[in-house]
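To start, the structure itself, in structure tokens.
The values are calculated or read from the model by the stated rules, or taken from the named source; none is laboratory data. The structure displayed is predicted, hence computed values, not measured ones. Methodologically, a virtual Cβ is constructed for each residue, glycine included, from the backbone with ideal geometry; neighbour enumeration extends over all protein chains shown.
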Amino acid sequence: MSPFVCRMWVSVMLFASLGGCAGVAMPPPLPANPSESAAEVVLQTPAASVAAKPMAAAVPIRKRILKVLERPQAANFWVDLVAARRFTDCSYDAAIESWAKRLTQSPANFNANLVRMQPYLDYVWRRTQVLDMPSEVAFLPLVESDYRQVYGSYGSPGGWWQLMPETARGYRLNVARGNDERVDPIRSTDVALKLMQDNADRFNNDWLLAIFAYNVGGQRIERALSAKGIQPGQIEHVRQLGLPLTTEDHLHRMIAWGCIFANPQRYQVTLPAPLKVSQRMTEVRFSHTTPVAAIVATLGSFGSEWKNQHPLLVRKGEIGHAQKVLATRRTNAALAALGDLRRFKTAAPILAVAAKSSSTRSENTVVANHARQGVIATNPRQNSRVASKVSAPTSVKVRNGDNLWTIARRFDMRVNEILALNPSVSRTTVLKLGHVLRLR
């Protein structure tokens, strides 16, 4: 046999052997009616999700996410949220019932907290649907943090998702003093959903194991499966793997949230009305550096809550170029306008949008005056600065002791603005007495 024919024969045999590996049967599905006991949490699949889903179009995941975020709201968010659960057994296991009652023991507080969390729950849930994840993934921040940006100390979990430092770094999040991206709602959600997808892939889409792995780590779950001789998809109750009670408690609390949403009357609570399109969260990307104070002023009554959800930006004091933040669609245009103000010579179209988003007439005046001059408003107390800016002359003659910085400060401008208006001047130029600089 010639060497060429020999190589061809080996290649064909290798291809055939690899093809045999791809045809390995998947673990059988769970029985339709598993035995029930007080210690069991049965993993059931809604009938609607049994049918095979068509393959998603080859669209970049970020574009798919943004498309979903802009999609009109369904008729009833809560109905869709409940229907997309994976853990649907609400026969009220003792531990689940206990958590559901604890969470709703004060209906007034529960309702107020749920109203605050609803925009973030809605945002995360819509993102999970892009990835065909169950609703329970969006319940994780309810369990971990009540959708609050909890700062983690050294070695401790932090953010909505309570990510551990080493896990966050492994997914390329910055975790450092003064720059902890675990409290960035968009970046941390990117990482948490990627982690959950990796867990699901690791355990053959067994979401019970994926959620356990989120709590205690994938390696620990693999060791438990190996020790018990169990394959993914064969878990019938939570105690089968001998995991810590805190891990079971974590799952019980997560399922309890789904049970409350499925039957709020049982716990004497009322779910808030589905969000209007203008109230839903979306991602806003800023094209220019923008002070945080300007954003807070533009958001009006929502400004305080926005600060709580973006503590990293509040600490930095400004939003950098091309950085994204969460905001309601109602304020999206106004925030985008703030980021774009410096790109426009006239801010007339932006002015109307920004003014509408402000909560008081005085704030409208400040935003308007700043917009006309290409300066960002911070709060109504800056009227004196705005007045000096509005009354600034079209040019200035250099005086004794002047430099670019002192002139910029005198007329409430930036050095870069003066340089843009005076091409013949650079940062290293020595200004001479009597030299005229343009200011408008």
Scanning the range 80-120 for residues that are among the polar types (S, T, N, Q) and part of a helix (DSSP H, G or I), which turns out nearest to residue 248 (Cα to Cα)?
98
Starting from the range 83-103, keep only residues that are free of Cβ contacts under 8 Å to residues at least 60 places away in the same chain, then list their pairs with residues that are among the charged types (D, E, K, R) whose Cβ atoms are within a distance under 8 Å, requiring at least 6 positions of separation or different chains.
91/36
Go through 290, 365, 346, 360 for me and flag whichever is of a type outside the set (A, V, I, L, M, F, W, C), closer than 19 Å to residue 184 by Cα, modelled with pLDDT under 85 and not assigned by TED's automatic domain parsing to the domain that holds residue 103.
290
Checking the condition modelled with pLDDT under 75 and not small (Gly, Ala, Ser), which residue from 415, 390 passes?
390
Quick one: would you say residue 222 is in contact (Cβ under 8 Å) with a residue 60 or more places away in the chain, surrounded by fewer than 19 Cβ atoms within 10 Å (Cβ to Cβ) and either of a type in the set (Asp, Glu) or touching a Phe, Trp or Tyr at 6+ places or on another chain (Cβ under 9 Å) (or both)?
no
